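A.B. asks: Before I ask anything, let me first share the structure, which is written out below as structure tokens.
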Amino acid sequence: MAESQSRKILVLSAAVGAGHTITARALVRSCEMAHPEVNIAWLDSLDLSARISKWLCDKLINTTIAGKMPHLYSYIYDSLDREEKMVKRDTIGTHLNRFLARKFLRRVAAEKPDIIICTHFQPGDLIHALRRKGKIKCPVGVIVTDYYMHSYWEVRDADFFIVSSEEMKSILVEKGYAPEMVHVIGIPVRPEFTAPFDRAEILKKLGCEEGAPIVLTVSSGWHKAGPEVTVKALMQTGIKMQILAVAGKNKTSEAALRALQPPPEVSLKVFGFVDYIHEMMRVSDVMVAKPGGLTVVEALATGLPFIAINPVPGQEMGNCHYLQQMGAGVLVKRLGCLKYHLREILEDKEKHAQMRADAAKAGRPRAAFEIIDLLLEKINR
């Protein structure tokens, strides 16, 4: 134990959307639960960089281009992907990014970690300068938090990668990375996803009943319309169901959802921000949502069939392909298709059971714990 106490794991994330930070938090909490004797720290590159860095990465690219100009985002995404190994060289932009991230780089060097794990490629590429100058000499790993192995995840001088499928591993190996560098473990989820649960207690907490199927939707609008359009389509299927509609922190969406008048055969429960989405997923029969990385990971961790809507061209399409490949979900492009697939999944018990089984097979609820064990193994070699 004394040896473990002298070791330090450093987790690096970039606050581009919520998924990468939640993944980092899942690693920290899992380590604290399974190995309380281990010293683990967490830094976010954008929180410790100049404000313009976060604006460029999160607001401009993630919100404006991906959210409002999806075709442009798709073009950029595809143009940056390579069949061959990605060679990242120092450019004016690279030096500017490091200049804006001076505080972050100083903090990383000051931590003196024994191993670094990145949940986003951006901090991994930034710390290349520290390794080149000899300010950090520890192994650096990258967790690919998508289900497609895009070239931008090829962090400069990374010592190892953690991916979700053998296909992703094969892509890296074909590019020339050694097989032993790539570990197929999965994307971390919070420890709550591995905890036992009481279905009856959760149903009572949510105001639901046994019998009618439960459909979970999470702040997912239809193209430029709000989530109320999606929920209206669900209510118009004529299926007796219970809908759990989570608006998150968007008060406008929550108000629009609460204004809906469900038909007699539908029970609509509207929620704002919740910290018990894992419980909702546990008792639901199907999820209807945008296929963001974190949403898909958590749904699979609970064996929940997925109906994907409005994917952003790029990584979310990769997530859709993975869901379809594993038999755990379907992609719908029209509201009419949404009604068709929802009816098919809920009314065909055999199909629903198979999708549940396939989702559970694809899910890796203990990925965070397994990753921490791998990091400790690498430290102690």
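The values are calculated or read from the model by the stated rules, or taken from the named source; none is laboratory data. Predicted, not measured: the structure shown is a model, and the values here were computed from it. With ideal geometry, Cβ positions are generated from the backbone for all residues, glycine too; neighbour counts draw on all protein chains shown.
A.B. asks: Sort out which residues of the stretch 229-279 are outside any strand (DSSP E or B) and of a type in the set (Ser, Thr, Tyr), and write them in order of number. Full working, then the answer.
C.D. replies: Looking only at the stretch 229-279, we keep the residues that are outside any strand (DSSP E or B), and these are 229-240, 247-265, 272-279.
Of everything in the stretch 229-279, those that are outside any strand (DSSP E or B) and of a type in the set (Ser, Thr, Tyr) turn out to be 230, 237, 252, 253, 276.
A.B. asks: Could you say which residue among 311, 305 is in the same structural domain as residue 207 (by TED's automatic domain parsing) and in contact with a Cys (Cβ under 6 Å, 6 or more places away or on another chain)?
C.D. replies: On the way: 305 fails: in contact with a Cys (Cβ under 6 Å, 6 or more places away or on another chain).
Selected residue: 311, the only one of 311, 305 that is in the same structural domain as residue 207 (by TED's automatic domain parsing) and in contact with a Cys (Cβ under 6 Å, 6 or more places away or on another chain).
A.B. asks: Could you tell me which numbered condition residue 142 fails, if it satisfies all but one of (1) buried (at least 20 other Cβ atoms within 10 Å of the Cβ); (2) modelled with pLDDT under 95?
C.D. replies: Tallying (1) buried (at least 20 other Cβ atoms within 10 Å of the Cβ); (2) modelled with pLDDT under 95, residue 142 fails exactly one: (2).
A.B. asks: Follow-up. As an exercise: evaluate residue 329 against (1) touching a Leu at 6+ places or on another chain (Cβ under 8 Å); (2) touching a residue at least 40 places away in the same chain (Cβ under 8 Å); (3) buried (at least 20 other Cβ atoms within 10 Å of the Cβ); (4) not hydrophobic (A, V, I, L, M, F, W, C) and give the number of the one condition it does not meet.
C.D. replies: Evaluating residue 329 over (1) touching a Leu at 6+ places or on another chain (Cβ under 8 Å); (2) touching a residue at least 40 places away in the same chain (Cβ under 8 Å); (3) buried (at least 20 other Cβ atoms within 10 Å of the Cβ); (4) not hydrophobic (A, V, I, L, M, F, W, C) leaves (2) as the failure.
A.B. asks: Restricting the stretch 338-381 to residues that are under 16 Å from residue 29 (Cα atoms) and of a type outside the set (A, V, I, L, M), which is farthest from the chain's Cα centre (by Cα)?
C.D. replies: So, considering only residues that are under 16 Å from residue 29 (Cα atoms) and of a type outside the set (A, V, I, L, M), the one farthest from the chain's Cα centre (by Cα) is 373.
A.B. asks: Moving on to the next point. Out of the stretch 174-194, which residues are free of Cβ contacts under 8 Å to residues at least 24 places away in the same chain and loosely packed, with under 14 Cβ neighbours inside 10 Å? Spell out how you get there, then give the answer.
C.D. replies: First pass over the stretch 174-194, keeping only residues free of Cβ contacts under 8 Å to residues at least 24 places away in the same chain: 174, 178-182, 184.
Once the filter is applied, which keeps residues that are free of Cβ contacts under 8 Å to residues at least 24 places away in the same chain and loosely packed, with under 14 Cβ neighbours inside 10 Å, the stretch 174-194 yields 174, 178, 179, 180.
A.B. asks: For the stretch 53-98, give me each residue that is exposed (fewer than 12 other Cβ atoms within 10 Å of the Cβ) and assigned to a helix (DSSP H, G or I). So that I can check it myself, show each step before the final result.
C.D. replies: First pass over the stretch 53-98, keeping only residues exposed (fewer than 12 other Cβ atoms within 10 Å of the Cβ): 68, 71, 78-79, 83-84, 87, 89, 91-93, 95.
Scanning the stretch 53-98 gives 68, 71, 78, 79, 92, 93, 95.
A.B. asks: Among the residues of the stretch 239-284, write down those that are of a type in the set (Gly, Ala, Ser), free of Cβ contacts under 8 Å to residues at least 40 places away in the same chain and farther than 12 Å from residue 216 by Cβ. Lay out the reasoning, then the answer.
C.D. replies: To start, the set of residues in the stretch 239-284 that are of a type in the set (Gly, Ala, Ser) comprises 245, 247-248, 253, 255-256, 259, 267, 272, 284.
Then drop every residue that is not free of Cβ contacts under 8 Å to residues at least 40 places away in the same chain, which leaves 245, 247-248, 253, 255-256, 259, 272.
Of everything in the stretch 239-284, those that are of a type in the set (Gly, Ala, Ser), free of Cβ contacts under 8 Å to residues at least 40 places away in the same chain and farther than 12 Å from residue 216 by Cβ turn out to be 247, 248, 253, 255, 256, 259, 272.
A.B. asks: Just checking, does the stretch 180-194 include any residue being in a strand (DSSP E or B), assigned by TED's automatic domain parsing to the domain that holds residue 319 and among the hydrophobic types (A, V, I, L, M, F, W, C)?
C.D. replies: Taking the stretch 180-194 as the starting set, the residues that turn out to be in a strand (DSSP E or B) are 182-184.
When the remaining residues are screened for being assigned by TED's automatic domain parsing to the domain that holds residue 319, the result is none.
No, every residue in the stretch 180-194 fails to be in a strand (DSSP E or B), assigned by TED's automatic domain parsing to the domain that holds residue 319 and among the hydrophobic types (A, V, I, L, M, F, W, C).
A.B. asks: Tell me which residues, restricted to the stretch 102-128, are in a loop (DSSP other than H, G, I, E, B) and over 23 Å from residue 317 (Cβ atoms).
C.D. replies: At the first step, the residues of the stretch 102-128 found to be in a loop (DSSP other than H, G, I, E, B) are 112-114, 119-120, 127.
Correct list: 112, 113, 114, 127.
A.B. asks: In addition: Pairs, please: C-beta under 6 Å, at least 6 apart or cross-chain, first residue in the same structural domain as residue 242 (by TED's automatic domain parsing) and in the stretch 198-213, second among the charged types (D, E, K, R) and modelled with pLDDT of 95 or more?
C.D. replies: Once the first residue is in the same structural domain as residue 242 (by TED's automatic domain parsing) and sits in the stretch 198-213, its partners that are among the charged types (D, E, K, R) and modelled with pLDDT of 95 or more give 202/279; 207/269; 213/285.
A.B. asks: If you don't mind, there's one more thing I want to ask. Residues of the stretch 129-140 being over 13 Å from residue 156 (Cβ atoms) and assigned to a strand (DSSP E or B), which ones?
C.D. replies: The answer is none; no residue qualifies.
A.B. asks: Shifting gears a bit: Test residue 339 against the criterion of being charged (D, E, K, R), more than 30 Å from residue 142 (Cβ to Cβ) and either touching a strand residue (DSSP E or B) at 6+ places or on another chain (Cβ under 7 Å) or not in a helix (DSSP H, G or I) (or both), and give yes or no.
C.D. replies: Against the criterion (charged (D, E, K, R), more than 30 Å from residue 142 (Cβ to Cβ) and either touching a strand residue (DSSP E or B) at 6+ places or on another chain (Cβ under 7 Å) or not in a helix (DSSP H, G or I) (or both)), residue 339 does not qualify.
A.B. asks: Now, a different point. Where residues in the stretch 142-173 are small (Gly, Ala, Ser) and either touching a residue at least 40 places away in the same chain (Cβ under 8 Å) or part of a loop (DSSP other than H, G, I, E, B) (or both), which of them is farthest from residue 378 (Cα to Cα)? Spell out the reasoning first.
C.D. replies: Taking the stretch 142-173 as the starting set, the residues that turn out to be small (Gly, Ala, Ser) are 151, 158, 164-165, 170.
Imposing the further condition that a residue be either touching a residue at least 40 places away in the same chain (Cβ under 8 Å) or part of a loop (DSSP other than H, G, I, E, B) (or both) reduces the set to 151, 158, 164-165.
Numbers: 151: 25, 158: 14, 164: 19, 165: 21 Å.
Ranking the candidates gives 151 first.
Per-residue answers, yes or no, for (1) within 29 Å of residue 261 (Cβ to Cβ); (2) surrounded by fewer than 20 Cβ atoms within 10 Å (Cβ to Cβ):
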{"site": "198", "(1), (2)": "no, yes"}
{"site": "205", "(1), (2)": "yes, yes"}
{"site": "217", "(1), (2)": "yes, no"}
{"site": "236", "(1), (2)": "yes, yes"}
{"site": "240", "(1), (2)": "yes, yes"}
{"site": "243", "(1), (2)": "yes, no"}
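A.B. asks: Quick check on this structure: which one of 274, 270, 286, 330 is of a type outside the set (D, E, K, R), modelled with pLDDT of 95 or more and out of contact with any Pro (no Cβ under 9 Å at 6 or more places or on another chain)?
C.D. replies: Working: 274 fails: modelled with pLDDT of 95 or more; 286 fails: out of contact with any Pro (no Cβ under 9 Å at 6 or more places or on another chain); 330 fails: out of contact with any Pro (no Cβ under 9 Å at 6 or more places or on another chain).
Result of the check over 274, 270, 286, 330: 270.
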